[in-house]
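The values are calculated or read from the model by the stated rules, or taken from the named source; none is laboratory data. Because the structure is a prediction, the values reported are computed rather than measured. No Cβ is skipped: glycine too gets one built from the backbone with ideal geometry, and neighbour counts run over all protein chains shown. The protein model used for the area step is the full one, side chains on, heavy atoms only, and it has no ligands, DNA or RNA in it. Shrake-Rupley method; radii C 1.70, N 1.55, O 1.52, S 1.80 Å.
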Amino acid sequence: MTTRDHRTLMALNCGSSSIKFALFAPDRQRLFSGSVNAIGNGQTPRLRLDGNEAKQFGDTSEGHATLLPRLISEIIQPRAGAIDGVGHRVVHGGERFSAPVLVDPEVRAAIAALIPLARSHQPHNLAGIDAAIAALPGIPQVACFDTAFHVDVPIVRREMALSRSYAREGLLRYGFHGLAYEHVAATLRRLGLADSRVIACHLGNGSSICAMINGKSAWTSMGFTPLDGLMMGQRPGRLDPGAVLWLLERHKGDAATVSDLFYHQSGLVGVSGVSNDMRLLLASTEADAGFAVEMYVDRLVQEIGAAMTSIGGCDALVFSGGIGENAAPVRARVLENLQWLGFALAADANTSAAERLTSPDSTRHAFIVKADEELVIVNAVAALLQG
């Protein structure tokens, strides 16, 4: 292992059960990257560096706040040389943050105030910020917000069918996964889709859809919190409000129990009773595992239909995220359900995870765009440092 002799920029992306990180040269060449997965919920954290075999990193009792300082000091800094700036994914920016910002104590406090709107993410985002500030005092820290990509969604779609006084208090449909969608939008020109209507499906432990017109968000499946929309790994997605009231009554008004149910015990893991990992469900012979996959695909197809309606049609479909990029059976089932719209699946392309998944004579085309939130983050860091 050699220490870099040039200055680097760092991206830190803390998810609900993972930490992704990457080091970039000033020209944005990726120098080194890795991830820690399976954090929390009694799992054993696993560290993977530059695609190498994953190794245990910590134990089942450790969370983001304890793993991050060691990750930075033992893994990242020895490989980084001097670091000019650090960028952080922050899931919720509320109404205030519509663009990346330098973190100071007042900005940190504002991010912390939004924890109730993204309980499974925001505390981990803050843990990353705090660990980087402690390890790299005086180095600029930049917060990049998932909600910012959706600020141009029409207000009629952002407000809910409640008294508008609640919207004025901040009860709005914000949308999430914005950094991933920003990367998709940046890729559309190369695919010949810069001026098109595109339905982007970011599918992973957290899943959502964004309907784009000319690379801008016009509709998104997630809403006030990352609970809404699609069925996910541990979250239920769209629910009848009456079901929420029933569950609160069923649990004698214990909102904490119902919140835990929604954030950690629903979705794929709740329906299957097996796992939130799509790979395990696809390989399982358990009937409920198969049913969970069937429900996931069904909900996804329904939401794709809603997304298409919201922008008056669809010129192309994009898959990204862990499931979107790697679960060929899920992609195949979705596109088979959309044959009537002119999507003609190319089986070999799908099996090999080619960039284009549809046959040349398909009326509409589907693509894989590999998520790269870290590149979006470090571009924002560089822009702020130069500005």
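Reported to the nearest whole Å, the Cα centre-to-centre distance from segment 312-387 to segment 145-178 is 26. Remark: segment 278-381 carries 44 Å² of accessible area per residue (probe radius 1.4 Å; ligands, DNA and RNA excluded).
Sorted from longest to shortest, the spans of the Cα atoms of segment 164-214 along the three principal axes equal 43, 27, 14 Å.
Per residue, how much accessible area does segment 1-147 have with a 1.4 Å probe, in Å²?
Per residue, segment 1-147 has 42 Å² of solvent-accessible surface.
Amide hydrogen proximity for residue 83: with H placed 1.01 Å from N in the peptide plane, the residues at 5 or more positions away or on another chain lying under 5 Å are 8.
For segment 126-199, the list of trypsin sites (Lys or Arg not before Pro) that fall in a loop by DSSP and count at most 16 other C-beta atoms within 10 angstrom reads 189, 190.
In percent, how large is the relative contact order of segment 69-144, given Cα pairs closer than 8 Å and 6 or more residues apart? Write out the running numbers ahead of the final one.
Numbers: 79 pairs, mean separation 39.0, N = 76.
Relative CO of segment 69-144 lands at 51 percent.
Using a 1.4 Å probe on the protein chains only, how many percent of the accessible area of segment 188-270 belongs to carbon and sulfur? Please report the intermediate quantities before stating the final value.
Working: 1940 of 3510 Å².
Carbon and sulfur together cover 55 percent of it.
With a ≥ b ≥ c taken as the square roots of the eigenvalues of the C-alpha gyration tensor of segment 218-331, please select rounded if a/c is under 1.5 and otherwise prolate if a/b is larger than b/c or oblate if it is not?
Details: a/c = 2.34, a/b = 1.22, b/c = 1.92.
Here segment 218-331 falls in the oblate category.
Taken per residue, the accessible surface of segment 154-276 reaches 45 Å², heavy atoms only and a 1.4 Å probe.
A Cβ-based charge dipole, computed about the Cα centre of segment 1-101 with Lys and Arg at +1 and Asp and Glu at -1, lands at about 140 debye. Counting heavy atoms of the protein chains alone, residue 277 has an accessible area of about 40 Å² for a 1.4 Å probe.
Would you tally the net charge around residue 46, using a Cβ to Cβ cut-off of less than 10 Å, leaving residue 46 out, and scoring K and R as +1, D and E as -1?
Numbers: positive: 48, 55; negative: 53.
Counting the neighbours of residue 46, the net charge comes to +1.
Element breakdown for segment 324-365 at a 1.4 angstrom probe: carbon and sulfur atoms account for 48% of the accessible area. Peptides 105-115, 239-249, 34-44, ordered by how many other C-beta atoms sit within 10 Å of their residues on average, highest first, read 34-44, 105-115, 239-249. Think of segment 131-237 as having a plus end and a minus end, set by charges on the Cβ of Lys, Arg, Asp and Glu; of 192, 131, 209, 192 sits farthest toward the positive end of this dipole. Computed on protein heavy atoms with a 1.4 Å probe, the accessible areas place 251, 92 in the order 251, 92, largest first. Per residue of segment 272-284, what does 6.51 cos²θ - 1.76 cosθ + 1.60 with θ = phi - 60° give for ³J(HN,Hα)? Whole Hz please, x for Gly and Pro, Karplus curve as stated. Each residue's phi maps through the Karplus curve to give 7, x, 10, 6, 9, 8, 4, 4, 5, 5, 5, 8, 6 Hz.
Counting other Cβ atoms within 10 Å, keep those with at most 13, restrict to DSSP loop, and tell me which GluC sites (Glu not before Pro) in segment 336-387 are left. Display every interim value, and only then the final one.
Details: sites: 336, 355, 373, 374; in loops: 355.
Counting only loop positions with at most 13 other Cβ atoms within 10 Å, the GluC sites (Glu not before Pro) in segment 336-387 are 355.
Amide H contacts for residue 103 (H built 1.01 Å from N in the peptide plane; partners 5 or more residues away or on another chain; cut-off under 5 Å): 141, 142, 143.
D by Stokes-Einstein for segment 225-270, Kirkwood Rh over Cα pairs, 37 °C, 0.692 mPa s: 313 µm²/s.
Summing charges over neighbours of residue 14, with a neighbour being any other residue whose Cβ is under 10 Å away from its Cβ, gives +2 when K and R count +1 and D and E count -1. Could you tell me which of rounded, prolate or oblate describes segment 1-94, using a ≥ b ≥ c as the square roots of the eigenvalues of the alpha-carbon gyration tensor, with rounded for a/c under 1.5 and, failing that, prolate when a/b is larger than b/c and oblate otherwise? Because a/c hits 1.5 or more and a/b fails to exceed b/c, segment 1-94 counts as oblate. The relative contact order of the chain, computed from alpha carbon pairs under 8 Å that lie at least 6 residues apart in sequence, is 14 percent. For GluC sites (Glu not before Pro), the sites in segment 154-207 that DSSP calls loop and that have at most 13 other Cβ atoms within 10 Å are 169.
Computed from backbone phi, the HN-Hα couplings of segment 258-269 come to 5, 4, 4, 4, 6, 8, 10, 10, 10, x, 4, 5 Hz, rounded to whole numbers (Karplus: 6.51 cos²θ - 1.76 cosθ + 1.60, θ = phi - 60°; Gly and Pro given as x).
Counting lysine pairs in the chain whose alpha carbons fall under 27 angstrom apart, excluding pairs fewer than 8 residues apart on the same chain, gives 5. Evaluating 6.51 cos²θ - 1.76 cosθ + 1.60 at θ = phi - 60° for every residue in segment 365-373, the Karplus couplings come out as 10, 10, 9, 9, 10, 5, 4, 9, 5 Hz, glycine and proline recorded as x. Shape call for segment 115-244 from the C-alpha gyration tensor, a ≥ b ≥ c root eigenvalues: rounded (a/c under 1.5), prolate (a/b greater than b/c) or oblate? Oblate shape, in that a/c is at least 1.5 and b/c is the bigger or equal ratio.
For residue 358, nonlocal amide neighbours, meaning residues 5 or more places apart or on other chains whose placed amide H falls under 5 Å from its own, are 346, 366.
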